[in-house]
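J.: Have a look at this one.
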Amino acid sequence: HVQLVESGGGSVQTGGSLRLSCAVSGNPYRTYCMGWFRHPPGKLREGVASIESDGTTTYKDSVKGRFIISVDNSKTTLYLQINNLTLEDTGTYYCGLDRGCASLFYGDSGHWGQGTQVTVS
């Protein structure tokens with residue numbers, strides 16, 4: 001069975017950096033999409049970044065140039081490097097896995113972790 005566990009969140013000053021990690025186990029998909037979404041306070045949750053099994057990455061426009069999504073060589077750890085943090089980056093960050101990015105972010109078949117809190121002040 002699939003499990004995803006996020007870590008690396010915390011409270012950071014504006015302009016600082018964080019690297020979020022997501023430990024992935026039980027991935028049954030040969031072709032897949034892994035990604036991150038966040039839920040800012042008072043706003044709807046939104047997709048942030050994704051990476052596919054072929055290495056293709058996609059970012060929300062507002063985070064391009066500051067966020068970097070990556071996976072380790074074993075594909076068992078997903079990362080989100082966040083640089084130059086802003087107040088708008090505050091929220092709970094979740095990592096997810098599904099067969100494709102459309103189903104991950106817009107469907108209900110994806111697997112998601114418990115989330116890690118990022119607070120920028």
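The values are calculated or read from the model by the stated rules, or taken from the named source; none is laboratory data. Just so it is clear, the model here is predicted, and its values are computed rather than measured. In this analysis, Cβ positions are derived from the backbone assuming ideal geometry, glycine residues included, and neighbour counts consider all displayed protein chains. Accessible surface areas use protein heavy atoms only, side chains included; no ligands, DNA or RNA. Shrake-Rupley method; radii C 1.70, N 1.55, O 1.52, S 1.80 Å.
J.: Any chance segment 79-86 includes a residue that's open to solvent by less than 60 Å² (accessible area, probe 1.4 Å), of a type in the set (Phe, Trp, Tyr) and over 10 Å from the mean Cα position of the chain (by Cα)?
T.: No, segment 79-86 has no match at all.
J.: Based on what the data block shows, is TYR106 farther than 12 Å from CYS33 by Cα and surrounded by 19 or more Cβ atoms within 10 Å (Cβ to Cβ)?
T.: no
J.: On to the next question. List every residue pair whose Cβ atoms lie under 9 Å apart, where the two residues are 6 or more positions apart in sequence or sit on different chains, the first residue falls within segment 34-53 and is within 15 Å of GLY115 (Cβ to Cβ) and among the aliphatic types (A, V, I, L, M), and the second residue, located anywhere, is open to solvent by 10 Å² or more (accessible area, probe 1.4 Å) and part of a loop (DSSP other than H, G, I, E, B).
T.: Listed by first residue and then by second, the contacts come to VAL48/LYS60.
J.: Within segment 98-121, can you find the residues that are in a loop (DSSP other than H, G, I, E, B) and within 30 Å of VAL12 (Cα to Cα)?
T.: If the condition is that a residue be in a loop (DSSP other than H, G, I, E, B) and within 30 Å of VAL12 (Cα to Cα), then GLY110, GLY113, GLN114, GLY115, SER121 are the ones that fit.
J.: Taking SER74, is it surrounded by fewer than 20 Cβ atoms within 10 Å (Cβ to Cβ) and assigned to a helix (DSSP H, G or I)?
T.: So SER74 fails the test.
J.: For a quick check of your reading of the model, give me the residue pairs whose first member lies in segment 74-86 and is over 23 Å from VAL2 (Cβ atoms), whose second is of a type in the set (S, T, N, Q), with beta-carbon atoms closer than 7 Å and at least 6 apart or on different chains.
T.: That search, which allows pairs on different chains as well, returns ILE82/SER17; ASN83/SER17; LEU85/THR14; LEU85/SER17; THR86/THR14.
J.: What do you reckon, is SER50 open to solvent by less than 40 Å² (accessible area, probe 1.4 Å) and either touching a strand residue (DSSP E or B) at 6+ places or on another chain (Cβ under 9 Å) or assigned to a strand (DSSP E or B) (or both)?
T.: It is true that SER50 is open to solvent by less than 40 Å² (accessible area, probe 1.4 Å) and either touching a strand residue (DSSP E or B) at 6+ places or on another chain (Cβ under 9 Å) or assigned to a strand (DSSP E or B) (or both).
J.: Still on this structure, I have one more. Quick check on my filter: what residues within segment 87-103 are open to solvent by less than 30 Å² (accessible area, probe 1.4 Å), hydrophobic (A, V, I, L, M, F, W, C) and closer than 20 Å to SER17 by Cβ?
T.: CYS95
J.: Take the conditions open to solvent by less than 50 Å² (accessible area, probe 1.4 Å), touching a His at 6+ places or on another chain (Cβ under 9 Å) and on the phi > 0 side of the Ramachandran plot and apply them to GLY55. Does it pass?
T.: no
J.: Let me ask another. Do we find that HIS1 is modelled with pLDDT of 95 or more, open to solvent by 60 Å² or more (accessible area, probe 1.4 Å), farther than 21 Å from THR57 by Cβ and not polar (S, T, N, Q) in this structure?
T.: No; evaluated as a whole, the condition is false for this residue.
Every residue, every condition in (1) in a loop (DSSP other than H, G, I, E, B); (2) touching a helix residue (DSSP H, G or I) at 6+ places or on another chain (Cβ under 7 Å); (3) loosely packed, with under 13 Cβ neighbours inside 10 Å, yes or no:
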residue: GLU6; (1), (2), (3): no, no, no
residue: SER11; (1), (2), (3): no, no, yes
residue: THR31; (1), (2), (3): yes, no, yes
residue: PRO41; (1), (2), (3): yes, no, yes
